[in-house]
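Here's the structure, in structure tokens; my notes come after.
Laboratory data are not the source of any read-out in this text; all were calculated from the coordinates shown. A quick note: this is a predicted structure, and the numbers were derived from the prediction, not measured. Glycine also receives a Cβ, built like all others from the backbone with ideal geometry; neighbour counts cover every protein chain displayed.
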Amino acid sequence: MDRLIFTHKERSETLAIARRLRTSISRLAKEKDEEKVFAHIKKALRNGTVSRDAFGLNPILSALQTAQIAVDEIGLKRDGVIAILLYAVAETDAGGLEAIRKEFGDSVARIIHGICKIQELYKKNPVIESENFRNLLLSFAEDMRVILIMIADRVNLMRQIRDTENAEAKTEVSEEANYLYAPLAHKLGLYKLKSELEDLSLKYLEHDAYYMIKDKLNATKKSRDAYIERFIAPIDKKLRDAGFKFHMKGRTKSIHSIWQKMKKQQCGFEGVYDLFAIRIILDAPADKEKMQCWQVFAIITDMYQPNPKRMRDWLSVPKSNGYESLHITVLGPENKWVEVQIRTERMDEVAERGLAAHWRYKGVKGESGLDEWLNSIRTALENKDDLQVIDQFKMDLYEDEVFVFTPKGDLMKFPKGATVLDFAYRIHSNIGNHCIGAKINNKAVTFRYELKNGDQVEITTSSAQKPKQEWLNIVKTSRAKAKIRMALKDLMVKDGAYAKEMFERRLKNRKIELEESTVSHLIKKLGFKEANDFYRHIADGSLDVNDVIEKYQELLQHDNNAAPQQPARSAESFSYENPNENIAAASDDVLVIDRNLKGVDYTLAKCCHPIYGDDVFGFVTVSGGIKIHRADCPNAPELRKRFGYRVVKAKWSGKGSSQYSITLKIIGNDDIGIVNNITSIISKEEKIMMRSINIDSHDGLFSGNLEVNVEDTSRLEQLIKKLRNVKGVKQIIRL
């Protein structure tokens, strides 16, 4: 490798920055620190292990410039500066880091190790536009100074590449500055650096737009400053006359902010409403904050015409990040729009120090540790007497989350403890159902492997693999659990369908008649509530199909002997009363009366016979009891009209085992077999008992009442649907 040669300009700038850094960190520097660092630099220069980067920049000078920004703009001290310089020139493998630890201490080695880890992340070709990548950086860095150094390094790089000829690399660096480093700087409260990154990225990416706005701002600076003074002066006087304690700030938006507004509002430079912004910060007692803000609002809107469409009230309902302020845009002198923000000292403090607020507002929730950590950083950065505290921070964030890469570089977030199987189901149900393991960073692992931050995961599948019940204990995410349950259910249905087909085929082979009613009888006799369970047990071998067929034959003989077939008959004067009639015991379904009253005594109205599932309401009777009516009860309109004050809300909230007696009026054409068809349907319905049926026939038409016991409206609707399909039935009315 060619030896790095310093130009005359680079040499003089290097020495100048080194002198400034020596002064800045002398209080915290240890004996011979400078001598040891320069020994590493000389060794690297002698061995030819450092060379100019893609932009032709000198890495040693760049490291010194980055260190200067980290000290002046951020507040880093000894450990941060040494780490920046050594990362540029020293060996950073395990042996090199151990040597650095012995020479300069654990803190310096930890920072360099963190920078190395993040450079490894970049090699995985991540999609760094994603919010998840920012989160991964923060969780992966170990020491927050790593992130601060990365921001300082990017600011320096953006400053140095103005005249580079490597347009492709310049574009890539600028895009990263805009969608990765500027948001990170914002989250850390480094607002000045954030603005510089945004403006420089705009300058390089959209040159014409940047200079158009810059030229217009320069051309109007004097008049703009004078205008702000003219605008503020009468407000200042009015507020002082009214006895308010306050101070005001005037500002012009950054070039990047103005360009974003122009794009969002699809307007020219002159069309940006809030090019000017005035902030009025009140010194108000806690109990009078809102009152004083609104009083100032009233004074300003009396003086200047407000734009109601641009009014933002974050006093009555603060933003989700806790931000409180009143924003109004008013028409000032010369018909220029000015945004005025009204807030108190406390609100301003929250706005300035609520460092995670912007992040949470954009949709990332639950990182309470991050809020506390970022606030601590901001406090330390602003407290000049406590800057050394920064060197002791260590990140302890995202302990409940891990971020992992897909093979394409996309990032996914999972709860801590999530496994390869969770990852597989996140990609697709079919991938999860057939997952047998994965390659993590090109190393084969089982699907039980717990994901770790920064893993690159490639799922391996097999068409022979099927989901199993035990998988529910392996996965961590609710999404994976739901998909596994769905897959298991589908398998059960398929297995059940296969078992049913096999059972019916065996009957056919033995020339045994298939009777659905006898099959239902058999299923109940064997102790199964659902046919699916019965067939599943046949499928998995729990029930021997030959034993089942023998039991079926016994029941078939018994049913045919005990219940000789009834002759088909018409509906003429048919009447039936169930001799075993036994209405269900008192209701054990749960009905909530009014807002949240449970267990209140009530009776079901006989005029409309409500059942579980009906829309209902309660009516307080003269005796003080409550009667429950259906919402469509024939008496409901009269009750609501005349006794509205006695009507209370009611709804079903819990299902017990109650059955309800209801009456259906059936009308249709008299036909041979009509009664048999109706009674046959009811007898086959589970959990529905026929209490009585009375039908009269006249001139080929019949009508009659059918009384049954049912559990709820869903069972009733199923029954009505089946009865409507009986040939000859024209109408069914619930009484």
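Distance between the pseudo-spin-label points of Phe528 and Glu515 (7 Å out from Cα toward the beta carbon): 1.9 nm.
Tell me whether the range 148-189 comes out rounded, prolate or oblate; compute the Cα gyration tensor, take square roots of the eigenvalues as a ≥ b ≥ c, and use a/c under 1.5 as the rounded threshold. Prolate, since a/c reaches 1.5 and a/b exceeds b/c. Measuring between alpha carbons in the structure, the pairs from Lys30/Lys123; Lys264/Lys336; Lys288/Lys336; Lys237/Lys264; Lys170/Lys214 lying more than 27 angstrom apart are Lys30/Lys123; Lys288/Lys336; Lys237/Lys264. Take the cross-link list Lys43/Lys117; Lys9/Lys194; Lys606/Lys687; Lys194/Lys439; Lys489/Lys665 and give me the ones stretching past 31 Å between alpha-carbons. From Lys43/Lys117; Lys9/Lys194; Lys606/Lys687; Lys194/Lys439; Lys489/Lys665, over 31 Å: Lys194/Lys439; Lys489/Lys665. Remark: the range 1-122 carries a charge dipole of roughly 380 debye about the Cα centre, counting +1 on each Lys and Arg Cβ and -1 on each Asp and Glu Cβ. Evaluated over the Cα positions of the range 174-316, the convex hull gives a direction-averaged projected area, one quarter of its surface, of 10.3 nm².
Per-peptide packing, taken as the mean over residues of other Cβ atoms within 10 Å, places 79-86, 720-727, 517-524, 472-479 in the sequence 79-86, 517-524, 472-479, 720-727 from highest down. Calculated over the range 648-706, the projected area of the Cα convex hull averaged across directions stands at 6.1 nm². Fully extending the segment from Ile681 to Ala94, taken as 0.36 nm per residue of separation minus the present Cα-Cα distance, adds 203.4 nm. For the range 495-528 versus the range 210-281, the inter-centroid distance based on Cα atoms is 83 Å.
Under 18 Å from a label point set 7 Å out along the Cα-to-Cβ vector of Lys263, the amide N atoms of the range 186-227 belong to 186, 194-214. Spin-label model, Tyr645/Ile549: points 7 Å from Cα along the beta carbon direction are separated by 7.5 nm. Compared with the direct C-alpha span, the chain from Lys408 to Arg230 gains 58.4 nm at full extension, assuming 0.36 nm per residue. Does the range 186-237 come out rounded, prolate or oblate, given a ≥ b ≥ c as the square roots of the eigenvalues of its C-alpha gyration tensor, rounded meaning a/c under 1.5 and, failing that, prolate meaning a/b above b/c? Oblate, because a/c is 1.5 or more while a/b does not exceed b/c.
Distance from the Cα centre of the range 402-456 to that of the range 659-735, in angstrom? One Cα centre to the other: 56 Å. Rounded to the nearest 0.05, the FRET efficiency derived from the C-beta distance between Ala169 and Arg3 at R0 = 22 Å is 0.40. Each label point was placed 7 Å from the Cα along the Cα-to-Cβ direction; for Lys221 and Thr663 their separation is 9.3 nm. Fully extending the segment from Val493 to Asp72, taken as 0.36 nm per residue of separation minus the present Cα-Cα distance, adds 144.7 nm.
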